[in-house]
1. Output the residues belonging to the stretch 63-92 that are surrounded by 17 or more Cβ atoms within 10 Å (Cβ to Cβ) and either in a loop (DSSP other than H, G, I, E, B) or not aromatic (Phe, Trp, Tyr) (or both).
2. Taking the stretch 26-41, which residues are free of Cβ contacts under 8 Å to residues at least 60 places away in the same chain and either touching a helix residue (DSSP H, G or I) at 6+ places or on another chain (Cβ under 8 Å) or buried (at least 16 other Cβ atoms within 10 Å of the Cβ) (or both)?
3. Tell me yes or no: at least one residue of the stretch 10-33 is closer than 15 Å to Ile76 by Cβ, part of a helix (DSSP H, G or I) and in contact with a Phe, Trp or Tyr (Cβ under 9 Å, 6 or more places away or on another chain).
4. So, in the stretch 1-25, how many residues would count as being closer than 12 Å to Val117 by Cα and either small (Gly, Ala, Ser) or crowded, with 21+ Cβ neighbours inside 10 Å (or both)?
5. In this structure, does Asp99 turn out to be farther than 18 Å from Cys9 by Cα and either out of contact with any Lys or Arg (no Cβ under 6 Å at 6 or more places or on another chain) or without any contact (Cβ under 8 Å) to a residue 60 or more places away in the chain (or both)?
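The values are calculated or read from the model by the stated rules, or taken from the named source; none is laboratory data. Note that the coordinates shown come from a computational prediction; the quantities given were computed from them, not determined experimentally. Heads up, the Cβs are rebuilt from the backbone with ideal geometry, glycines too, and the neighbour counts pull from every protein chain shown.
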Amino acid sequence: MRIYFDVCCYCRPFDDQSQLSICVETSAIVALLSQCYCDSWTVFGSSVIEAEILRNPEVNLRNEIFLSYYATVNEIIPYNTTIQTRAVDVQKYGLKHIDSLHFASAEIAMADILFTVDKDFIKFAKKIDSSMPVENPVDWILKRNKTL
């Protein structure tokens, strides 16, 4: 498997875990990251992810994200004009600028899936003509377990 997690996924473990949906998403993300390690799945990072994490004003949180979760990345996709062009193209489907950059980066990486916990990102990405699904980690795990 070739996987791309957006920044929402890397930040989810640091959100308020008293909300059941956030706690479940955190568990799914951590389980998938562990699965990536155990099964030698490729986890893509990108210049886009790194820039977005670095914009977080909380230095301790930034460091924790990089050391705890982003450290699982096997390959970094550098920002380039192909990503920029594709991002502009997919924005017409309703994606926010940063989400379009993640989408384009994951496509360039030929990721099998892009994970996010952003419902709008998932909704708008479904409109794009692409073979790469964009899914919530919880939904993906539940679908996958039904087929086993």
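1. Ile65, Thr72, Val73, Ile77, Tyr79, Ile83, Arg86, Ala87, Val90, Gln91
2. Thr26, Ser27, Val30, Leu33, Cys36, Tyr37, Trp41
3. Yes - at least one qualifying residue is present in the stretch 10-33.
4. 8
5. Here the answer is no, as Asp99 does not meet what is asked.
Matching residues to (1) at pLDDT below 95; (2) in contact with a Pro (Cβ under 8 Å, 6 or more places away or on another chain):
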position: Val24; (1), (2): no, no
position: Ala28; (1), (2): no, yes
position: Ser34; (1), (2): yes, no
position: Val48; (1), (2): no, no
position: Leu67; (1), (2): yes, no
position: Val73; (1), (2): yes, no
position: Ile77; (1), (2): no, no
position: Ile83; (1), (2): no, no
position: Tyr93; (1), (2): no, no
